[in-house]
2 protein chains.
Amino acid sequence: MQTFDSVEDLHEFVEVLLRRIDQRYTAGRRAVVELLASSDHPLSISDIEIRTPTIPRSSAYRHLSDLHRAGVLRRITASDEFARFELAEDFLHHHHHLLCSSCGRVIDVTPTASFERTVARMVHELTDEQGFLATSHALDVIGHCASCQN
Amino acid sequence: MQTFDSVEDLHEFVEVLLRRIDQRYTAGRRAVVELLASSDHPLSISDIEIRTPTIPRSSAYRHLSDLHRAGVLRRITASDEFARFELAEDFLHHHHHLLCSSCGRVIDVTPTASFERTVARMVHELTDEQGFLATSHALDVIGHCASCQN
DNA sequence: CTACTTGCAAATGCTTTGCAGGAGA
DNA sequence: TCTCCTGCAAAGCATTTGCAAGTAG
């Protein structure tokens with residue numbers, strides 16, 4: 001999933017980003033980053049709490065907020081209103097999300113290059129007249145995941 | 001903006017949707033619907049509070065929740081995490097959103113028919129392998145609006 | 001040493017809910 | 001007259017913050 005050859009490279013880059021805002025890369029933050037890096041979908045606070053029980057809630061919130069501020073994480077909001085986090089796209093392949101409106105689950109899907117060329121062209125089409133300067137885009141598909149269709 | 005010839009048609013349809021869930025179309029709910037219908041972009045709770053000061057917060061929340069449950073409204077989450085509401089797409093033209101990450105503003109943009117055909121084809125491409133049943137999609141463009149680019 | 005981190009508990013702030021009086025049909 | 005609606009105040013709940021002890025460099 002990562003565009004880094006090794007986990008060490010990932011950590012090194014995260015550390016650089018944190019240093020830019022005078023933050024240290026401590027064990028707790030490392031644990032959060034590793035958890036997110038090992039997941040194939042965005043995690044909510046409770047996901048994180050369950051999988052790193054030694055980290056108190058308030059610290060987890062602070063880690064997420066600091067890492068987000070440093071540009072390491074991306075915060076997304078699904079159909080339910082729990083914030084979910086994933087590594088920023090600098091660390092991952094660019095991808096889109098399938099949001100299950102039944103269970104709230106978020107599924108990552110990686111588009112093909114030609115797919116993305118088309119999206120980029122279309123984004124331009126939408127923004128040009130508005131004088132809007134696009135920095136990124138998100139194509140969310142809302143529906144029901146395979147396990148919620150019985 | 002509406003696909004209805006008159007505001008009366010809009011209200012009539014809303015009333016039907018509410019009746020389906022044994023709810024009445026009262027003055028407060030009407031005011032919320034009219035406000036959303038007159039806006040060219042999604043409104044947050046505080047927008048609504050400011051523009052309909054006679055409606056108490058708790059009632060506004062209840063109206064939004066009931067109207068949402070009836071299928072009249074669509075709830076969206078922008079880059080800041082304030083919920084915003086707009087009329088469901090049955091009442092509006094299908095459209096996408098430009099999200100300004102500087103000021104949080106949400107701008108509606110209406111795509112062309114050929115644009116949407118392409119999006120629909122691409123959505124299929126993303127979901128088919130996952131066994132995911134798509135019901136709708138949202139293409140959000142993140143960036144900076146014209147007034148936030150100085 | 002000096003500055004950043006962390007854990008706990010308390011506080012915040014948005015949102016929801018209980019309840020009693022009011023209104024629609 | 002039965003059921004739904006509304007306003008107020010109180011409660012809930014995810015998230016944030018103050019503070020003091022801990023740790024990195």
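Bear in mind these aren't lab numbers, they're just calculated from the coordinates by the rules spelled out. Every value quoted in this text rests on a predicted model; they were computed, and no experiment measured them. FYI the Cβ positions are ideal-geometry reconstructions off the backbone, even for glycines, and counts take in every protein chain you see.
Odds and ends about this structure:
- Cysteines (scope the protein assembly as shown) whose Cβ has no counterpart Cys Cβ under 4.7 Å: A:Cys103, A:Cys148, B:Cys103, B:Cys148
- Taking the centroid of alpha carbons for each part, segment A:15-57 and segment B:45-60 are 38 Å apart.
- Semi-axes of the equivalent ellipsoid for segment B:66-150, computed as √(5λ) from the eigenvalues of its C-alpha gyration tensor and ordered from largest down, come to 24, 19, 13 Å.
- Shape category assigned to chain A from the gyration tensor of Cα positions, a/c cut at 1.5: oblate
- Label-point separation in nm, A:Val7 to A:Ala138, each point 7 Å along Cα→Cβ: 2.8
- For the pair segment B:95-114 / segment A:85-144, the C-alpha centres are spaced 14 Å from each other.
- Filtered chymotrypsin sites (Phe, Trp or Tyr not before Pro), segment A:64-150: DSSP coil and at most 15 other beta carbons within 10 Å: A:Phe82
- Looking at segment A:1-90, the pairs of alpha carbons with a distance over 15 Å make up 55% of the total.
- As a calculated quantity, the FRET efficiency between B:Glu125 and B:His41 at R0 = 30 Å, using C-beta atoms, amounts to about 0.50.
- Across B:Ser38, B:Ser46, B:Ser58, mean-square fluctuation computed from a Gaussian network of chain B (C-alpha pairs under 10 Å connected) peaks at B:Ser58.
- Note on chain A: dipole from Cβ charges, positive end direction compared against A:Ala27, A:Phe85, A:Ile142; the farthest Cα belongs to A:Ala27.
- When the convex hull of its Cα atoms is projected in every direction, mean area for segment A:28-79 (nm²): 3.5
- Considering only B:Ser114, B:Val7, B:Ile76, the residue lying farthest towards the positive end of the dipole of segment B:1-120 is B:Ile76, judged by Cα position with unit charges set on Cβ.
- Annotation for B:Cys148 and B:Ser65: the two label points, set 7 Å from Cα along the Cα-Cβ direction, are 3.0 nm apart.
- Helix content alone sets the calculated 222 nm mean residue ellipticity of chain A: runs of n ≥ 4 DSSP H residues at -39500 (n - 2.57) each, divided across all residues, give -12500 deg cm²/dmol.
- Sites A:His93 and B:Ser58 - FRET efficiency at Förster radius 51 Å, r taken between beta-carbons, to 0.05: 0.70
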